[in-house]
Structure formats: C-alpha cells, structure tokens
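The values are calculated or read from the model by the stated rules, or taken from the named source; none is laboratory data. Because the structure is a prediction, the values reported are computed rather than measured. No Cβ is skipped: glycine too gets one built from the backbone with ideal geometry, and neighbour counts run over all protein chains shown. Note: areas computed on protein heavy atoms with side chains; ligands, DNA, RNA excluded. Shrake-Rupley method; radii C 1.70, N 1.55, O 1.52, S 1.80 Å.
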Amino acid sequence: MKRQHPIKIFSLTLKNFWLLLIPLVRGLINLRFDWRHWLEGAYIDILTLLAILLLAYLRWRFMTYEIREDSIYFEGGIIGKYRYEIPFSVISSATFQFSFFKRPLKAADIFIETDSNFGGVKEKNADLKMVLPEKETKYLIQKLTDRQVGTKYFYYPSKWNLLIFSFLFSSATSGTAYIATLLIQGGRLFGRSVEEDIFNVVNDVSSKIAIAAPPAAIGLGLVVITGWLFSFISNILRHIGFRIYRQGGRVAIENGFFSRFLYSINIRKINYADFSQSVLMRLFKVRSIQVSCSGYGKRKQEIPVFVPITTDREADASLRMLLPGFSVSGNSLEPGLKAVFVYLSGGMLMVLASLVVNVVGLVFFAEFRELLQFTSVMVLIPVAWLLIVESVAFSFSGIGFADGFLTLRYGKWFKLHTVAVPADRIASIKIRRTIFQLANGTCDIIVRTAAENGRSHRIRYLPYKETVDFLKENLEYDVLS
C-alpha cells in the first residue's frame with residue numbers, strides 16, 4: 001500500500017483555507033515584520049491554521065492505495081475507516097490532469113469515474129480523486145489505455161478546425177460568470193470592491209466614443225464581449241494539441257497547453273454519441289461529435305468533445321474508426337405537418353412578447369427610451385434566431401433504429417442534435433401526451449440514457465400510433481394505449 005503525493009495535504013484543507021492566510025500576511029506587512037507583536041495579536045489564528053494543516057496531514061497519512069493487476073484498491077479514514085476496490089472493467093473514464101503548477105513537483109490529479117457512486121464515497125464529483133507521483137501516474141495510464149493492443153486509429157484535427165470549434169462553442173455566459181467570480185474573490189483578497197473601478201472605466205469609455213447608447217448599455221456590451229473572449233481563449237488553450245486514438249476497448253484523448261489532460265474512456269461505457277451542429281454549421285455541412293460517458297466533460301471548462309469539427313461526409317467514417325459498432329440510421333418517424341405551429345409557436349410568442357414589452361416601456365418610461373430601444377434589439381436578435389432554429393428543427397427531427405442503435409434527431413435551443421444511443425444504454429423511454437396531443441393523435445417521446453446523471457432526449461409531436469408500433473417492433477417496449 002502506498003500514499004498519495006504529499007501535495008495532496010493542501011487539497012485536504014478547508015475550502016477557504018487560503019483566505020484565512022490573507023489577514024495574517026496583511027497584518028505582518030502592516031507591522032513591518034515585527035514578529036513578536038504580530039504573534040501576540042494573531043496567535044489564535046495561527047494555532048487555528050496549524051490545527052487545520054495537522055488534520056489534513058493526518059487524513060493524508062491514513063489514505064493509502066494500491067494499483068493491482070485488474071483493479072485499484074483504496075483505504076481511508078482516521079476514526080471511521082472505509083475501503084473499496086474499483087475493477088478497471090467498471091471504470092467508465094479516467095482523467096489525468098497534469099496541472100501547470102503541479103508538473104514541477106512531478107504530481108498529477110487523477111479522477112476515476114464509474115456509472116454510479118461506486119463504494120458510496122464521492123469526492124468532488126468523482127468516484128475517486130487522487131494526487132499521484134509521476135511514476136505511479138504513468139503506471140496507471142498504462143493499465144487504463146490498453147497499450148498492449150496495437151493502435152487502431154489516430155485523429156488529429158487541424159489548428160484551423162480547433163479555432164473554429166473554439167469560436168462556435170464559446171459561451172459569453174460562462175466566461176462572464178468566471179470573470180465575475182474572479183472579481184468577487186479579488187475584492188475579498190484585497191479588502192475592497194472593484195465595482196466602482198469598473199463603473200468609472202465604463203463611464204470613461206462611453207464619454208470618449210461616439211455611440212448613441214447609454215453607459216449601462218455600453219457596460220453590458222463590454223461585459224458580454226469580454227466574457228465571450230475569455231471563454232474563446234480558454235477553449236483554445238484547453239483543446240490545443242488535441243489528439244484522439246483508440247487502443248483495444250478504450251479511447252484516449254489528449255489536449256491542453258498550460259495544463260495537459262489525458263482521458264481514458266471505456267468504449268462499452270459510452271452512453272451515446274452526439275453529432276451536434278448549429279444552423280450555420282448545418283448550412284456548411286460540418287458538425288462536432290461529442291460523447292456522453294460518466295466523468296468525461298463534467299468538470300468546469302470541459303466539453304465532452306470527441307471530434308471537434310468534421311464534415312458530414314467524414315463524420316460517419318470517424319465514428320466507425322473511433323467507436324466501432326456505433327451506427328446512425330435515417331428517420332423512420334418524423335413530426336407531421338400538424339406540428340408546424342407547435343415548433344414555431346414558442347419563438348413567435350417570444351418575438352411578440354419582446355415587441356410588446358418594448359412598446360409598453362416606451363409609453364410608460366419614455367425617459368429611458370435609448371436604453372429600452374437598445375435592450376429590445378439585443379433581445380430580439382437571439383429570439384428571432386431561435387425562431388429560425390425551430391423552423392429547421394421541425395424538418396430535421398425524428399427517430400430511427402438500426403443495428404442495435406436508436407437514432408434521435410431533435411433541436412434544443414440553438415443546437416441541432418443527432419444522437420446515436422446503444423439499446424443497452426437506454427435507461428427509460430417515456431411517451432408523454434398533453435390534452436391537445438390526445439385530440440390530434442400525437443405525442444412526445446422522452447429517452448433517458450444510463451449514466452450517473454442520465455440525460456433525457458425529447459422529440460416532439462410524433463404520430464402516437466406509429467410511435468407505439470415502432471417501439472414495440474424495434475425495442476420490444478410494450479406501451480399501454
């Protein structure tokens with residue numbers, strides 16, 4: 001039995017341990033490194049920090065592991081002991097993170113994932129998280145990549161494809177949220193708020209540029225643009241050096257610039273493959289292939305990408321090479337013409353609502369005319385685009401079955417999805433009917449896939465009788481009428 005890398009001790013301290021250090025360091029600096037007076041005034045805080053470090057050290061001391069021939073064994077606990085063993089065959093994915101800050105210490109973070117909360121212990125969204133020395137990490141990688149089997153297929157996307165992928169899958173929302181977190185934590189660290197500084201910068205920018213928009217609108221625009229740029233740059237740095245290869249029954253994925261990542265994925269544990277594309281991507285006949293596998297793409301700043309960008313023609317070939325046996329079929333059932341209004345009604349109502357709100361606002365709040373007009377345009381653009389996406393989704397949606405794989409096509413918000421689900425990874429199929437659907441003979445089908453947090457896929461307004469017959473014939477699902 002071995003212990004994890006000593007750097008693990010610091011990750012076992014309290015979440016805000018480092019924030020507790022800040023007032024101590026600040027006090028020492030204010031006293032001009034007068035150690036005697038500093039110790040007299042801060043000895044309670046110092047003893048508290050030492051106690052936290054001692055507890056973390058004891059937890060680390062009582063944590064041991066062993067990489068066995070076909071499994072990994074783990075023990076832990078100071079008073080209440082726990083031990084469990086995870087066979088390699090049940091591991092759905094393993095993530096090896098070679099952090100920029102831990103690489104000089106020759107340490108790596110390892111996240112072991114299964115389809116369930118194996119052993120009843122789950123640490124930070126992983127069934128098992130460890131920090132191992134470099135030698136042990138390489139040994140575990142060898143165990144989880146089937147290196148004794150000859151490499152079957154390598155895939156290297158071009159730098160141009162990675163750039164397009166980062167552009168298409170960057171999110172202003174996630175980037176803005178991350179920046180907001182940094183600003184809040186920065187305020188805590190330096191004992192002051194940064195809102196006033198940002199407000200002054202926005203006012204200064206709005207006074208220097210000739211844009212007929214209020215400072216609040218300019219500030220909102222700057223926040224959105226900055227958030228998107230942050231997400232875009234993060235995606236580039238995260239996926240640079242991307243390569244994927246299959247060895248035996250596992251697929252390995254490598255990427256990252258400052259921090260390097262290696263993912264080992266068990267092909268038999270993949271819940272589904274998702275050919276995702278936007279309307280523009282569909283127009284140019286390109287798509288991104290993503291997969292659902294417990295643990296892969298679940299942490300912050302991660303996207304479960306399999307093939308970043310590929311053409312429609314190459315997508316099937318890539319899937320056959322990387323995931324042998326996976327199959328995508330054409331639609332056997334599609335929404336009928338009576339579903340046109342249902343697909344378009346949501347977008348039409350949102351467009352109408354945005355116009356009504358703008359008119360009402362201009363009548364009752366005329367003093368905010370410029371801000372209301374700007375906001376109305378900013379809201380109307382994505383709403384109108386959503387209406388276009390829904391119209392494409394209507395002609396695109398449907399279900400099919402071939403070679404043991406259920407194919408689901410549907411639109412969700414601004415994306416179109418073609419999902420190939422192995423029949424043995426389907427957790428449940430639900431048919432839902434509203435009062436209106438009872439009247440016109442249609443239904444919604446909701447397919448939930450097997451995983452630790454199974455995701456559902458919904459295809460709207462399929463013909464009810466044909467759907468029931470389809471499920472009975474292909475999947476032997478007995479649906480009660």
Counting residues that are farther than 25 Å from Gly297 by Cα, which strands (runs of 3 or more DSSP E) fully inside the range 378-465 reach at least 3?
398-402, 426-432, 442-449, 456-463
Can you report the number of residues in the range 1-19 which are open to solvent by less than 80 Å² (accessible area, probe 1.4 Å) and either at pLDDT below 80 or part of a loop (DSSP other than H, G, I, E, B) (or both)?
8
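A quick yes/no check of all residues on (1) touching a residue at least 12 places away in the same chain (Cβ under 8 Å); (2) touching a Cys at 6+ places or on another chain (Cβ under 9 Å); (3) under 20 Å from Arg103 (Cβ atoms); (4) basic (Lys, Arg):
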{"position": "Ala252", "(1), (2), (3), (4)": "yes, no, yes, no"}
{"position": "Asn255", "(1), (2), (3), (4)": "yes, no, yes, no"}
{"position": "Arg282", "(1), (2), (3), (4)": "yes, no, no, yes"}
{"position": "Lys285", "(1), (2), (3), (4)": "yes, no, no, yes"}
{"position": "Arg299", "(1), (2), (3), (4)": "yes, no, yes, yes"}
{"position": "Asp316", "(1), (2), (3), (4)": "yes, no, no, no"}
{"position": "Leu322", "(1), (2), (3), (4)": "yes, no, no, no"}
Single condition Phe470 does not satisfy, out of (1) assigned to a helix (DSSP H, G or I); (2) at pLDDT below 90:
(2)
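Here is a yes/no grid of residues against (1) among the basic types (Lys, Arg); (2) over 28 Å from the mean Cα position of the chain (by Cα); (3) over 20 Å from Leu337 (Cα atoms):
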site: Leu387; (1), (2), (3): no, no, no
site: Phe394; (1), (2), (3): no, no, no
site: Glu466; (1), (2), (3): no, yes, no
site: Lys472; (1), (2), (3): yes, yes, yes
Checked the range 227-265 for anything under 19 Å from Ile110 (Cα atoms) and open to solvent by 50 Å² or more (accessible area, probe 1.4 Å); matches are Phe257, Phe258, Arg260
Restricting the range 329-364 to residues that are more than 23 Å from Ser397 (Cα to Cα) and not aliphatic (A, V, I, L, M), which is most open to solvent (accessible area, probe 1.4 Å)?
Phe364
Residues being outside any strand (DSSP E or B), in contact with a Phe, Trp or Tyr (Cβ under 7 Å, 6 or more places away or on another chain) and within 17 Å of Val251 (Cβ to Cβ) - total across the range 262-282:
0
Within the range 413-450, which residues are over 22 Å from Gln277 (Cβ atoms), open to solvent by 80 Å² or more (accessible area, probe 1.4 Å) and either of a type in the set (Phe, Trp, Tyr) or under 20 Å from the mean Cα position of the chain (by Cα) (or both)?
Phe436, Arg448
Can you name the residue in the range 283-328 that is aromatic (Phe, Trp, Tyr) and assigned to a loop (DSSP other than H, G, I, E, B) and, of all such residues, is most open to solvent (accessible area, probe 1.4 Å)?
Phe284
Count - residues of the range 62-99 that are in contact with a helix residue (DSSP H, G or I) (Cβ under 9 Å, 6 or more places away or on another chain), part of a strand (DSSP E or B) and touching a residue at least 60 places away in the same chain (Cβ under 8 Å)
7
All-but-one check, Arg460 against (1) of a type in the set (D, E, K, R); (2) at pLDDT below 85; (3) buried (at least 19 other Cβ atoms within 10 Å of the Cβ), failing number (2)
Do the conditions hold for Ala384, that is, is it among the hydrophobic types (A, V, I, L, M, F, W, C), touching a residue at least 12 places away in the same chain (Cβ under 8 Å), surrounded by fewer than 20 Cβ atoms within 10 Å (Cβ to Cβ) and closer than 25 Å to Gln277 by Cβ?
yes
When you scan the range 91-102, do you find a residue that is on the phi < 0 side of the Ramachandran plot, open to solvent by 20 Å² or more (accessible area, probe 1.4 Å), of a type in the set (A, V, I, L, M) and out of contact with any Cys (no Cβ under 9 Å at 6 or more places or on another chain), even just one?
no
Could you list, in sequence order, all residues of the range 266-282 that are open to solvent by less than 10 Å² (accessible area, probe 1.4 Å) and among the polar types (S, T, N, Q)?
Asn266, Asn271, Ser276, Gln277
